[in-house]
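Coordinate-derived values only; no laboratory data. From a predicted model like this one, the values you see are computed outputs, not experimental measurements. Note that we place each Cβ from the backbone using ideal geometry, even for glycine, and neighbour counts take in every protein chain shown.
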Amino acid sequence: VSLEQSSSSYPFPDGFLFGTASSSYQFEGAILADGKGLSNWDTFTHGAGHISDGSNGDIAVDHYHLYMEDIALMENLGVNSFRFSISWARILPQGRFGDVNMAGVHHYSKVIDALLATGIQPFVALTHYDVPQELEERYGAWLSTKILKDFGYYADICFKYFGNRVKHWVTFNEPNVMAIRGYRSGIYPPSRCSGSFGNCTKGNSVKEPLVAAHNMILSHAAAVNIYRNVYQKEQGGSIGIIMNSIWYEPYSNTAEDKLAAERAQSFFLNWFLDPILHGEYPKEMRHVLGSLLPSFSKEDLKKMRQGLDFIGINQYTSFYSKDCIYSKCKSGAPGVSPAEGLALRTPIRNGEYIGEPTSVDWIYVYPQGMENTVTFIKDRYNNTPMFICENGLGIVENPSSSTIDFRNDVKRVEYMSTYLESLANAIRKGADVRGYFSWSLLDNFEWLDGYTVRFGLHHVDFATLKRTPRLSADWYKEFILNHTKHACSI
Ligand code: PNW
């Protein structure tokens, strides 16, 4: 008798990675430990007024020192992978203008060894929003083509020291969010924007996000080329990029609103994936932006042909998209951002939300958005292997209410189970999805929201840094057990 269950109860293929995700700035703390240089986020959070609770990531959840404890939590969860990012400024405090900080190299080496000793695969991003401040000051980081050389140099060092043990590499986490928030609305460093787009002293909200994104795409290609030419054959790993994804439903059944939803997707997701996988920007962007869009040289295109091995997807939320080109509606000027300027993005239609609103203003619970996003990417990019690199629910807990049981995160369990079911449907219909990472292992520094929005499967008491599993941790553990085939002989 085979104890193997029917494929419908195990939609997740063999070797599927179940993990949790993190990032260097949000988790590590240890701002100046062991020779680390300052990053753009260190500088930004220490500037006045950016973070809602006035906090910063100087200590964060001190994962830099407590990583063994955190790996023990992962072991208990039963995950087989951990997604984290390397802090560029720990490895190269001054970019390529200074020495390699071997203490930083040694730190990540220890983390990787400890993970592997516990049977947990490291899934590693080279950047998760943070760059050495030195590069920002020397030449404006992503606004300059000089960053290509720096990024390649940094990637090379990481492949060289860690690539014998890291089999999944990510060049960028959410470059689309970096470009929009850093250079259009200016709400993230380097705080650049112009006109009515935001409150900045420098920048150009129409042109700069396009230039920054262009340099990120070329930097991705530079790192992929180094990996392919020097390391991949020997090390046998894979390399990809992680995009933030928002699913857009058309506001109505009209052809105009359907086009608006497609445009919104092109201006957010396909913006990066089309050049990397198809060698050109999406046609909607070319039509609307014309000569504002930077172009790729022959030489660039040759490098870009190396593409990627997998697409990482961060999927949390969905919106409606309403046309603003053919119909009258209020929108901003042309440029990039999910929908602004071309389409109106709204969570409400005829008085009803697309999905249940949550305590986080941008998350609406719309599980169908997961299947739709994965299927969209499968169809557009020839079923390139995909990983869900983030999915999870933030919860704002009222600190003054002592009656709240912080462990009782039923909403998060509901959110995760419905999104995972939707993901399972996409896989059953043929999508090549190879992993799922819950955001996040722990409560952590949630960017502009500081420590007020909590995404952890484990609660963190920020005064003592004590970690406590929530209901969702127990639930995820059970889920992984029930959806993984275990060798079993009778
Ligand atoms: C991600 N959206 O950002 C980041 O990768 C994480 O560092 C972050 O902590 C997590 O999500 C939770 O916020 C997002 O517009 C940026 O839908 C933008 C969106 C979603 C997530």
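I'm checking my understanding of the structure. Among residues of region 176-196 that are touching a Lys or Arg at 6+ places or on another chain (Cβ under 6 Å) and touching a residue at least 60 places away in the same chain (Cβ under 8 Å), which one is nearest to ARG305 (Cα to Cα)? Here the residue is TYR188. Which condition from (1) away from the ligand (no atom under 16 Å from the Cβ); (2) more than 30 Å from GLU299 (Cβ to Cβ) is the one that PHE123 breaks? Every listed condition holds for PHE123 apart from (1). Taking region 179-221 as the range and being more than 16 Å from the ligand (Cβ to nearest atom), of a type in the set (Ser, Thr, Tyr) and in a loop (DSSP other than H, G, I, E, B) as the test, the residues that pass are SER191, SER194, THR201, SER205. Among residues of region 424-446 being within 16 Å of the ligand (Cβ to nearest atom) and among the charged types (D, E, K, R), the one that is surrounded by the most Cβ atoms within 10 Å (Cβ to Cβ) is ASP443.
Counting only strands (runs of 3 or more DSSP E) that sit completely within region 1-107, those holding 3 or more residues that are within 23 Å of the chain's Cα centre (by Cα) correspond to 17-21, 81-85. Among the conditions (1) farther than 20 Å from ASP14 by Cβ; (2) in a strand (DSSP E or B); (3) touching a helix residue (DSSP H, G or I) at 6+ places or on another chain (Cβ under 7 Å); (4) not small (Gly, Ala, Ser), the only one that TYR436 does not satisfy is (1). Among the residues examined, SER472 qualifies as assigned to a helix (DSSP H, G or I), within 27 Å of HIS168 (Cβ to Cβ), touching a helix residue (DSSP H, G or I) at 6+ places or on another chain (Cβ under 7 Å) and among the polar types (S, T, N, Q). Of all residues assigned to region 416-423, none qualifies as being in contact with an Asp or Glu (Cβ under 6 Å, 6 or more places away or on another chain), among the small types (Gly, Ala, Ser) and within 16 Å of the ligand (Cβ to nearest atom).
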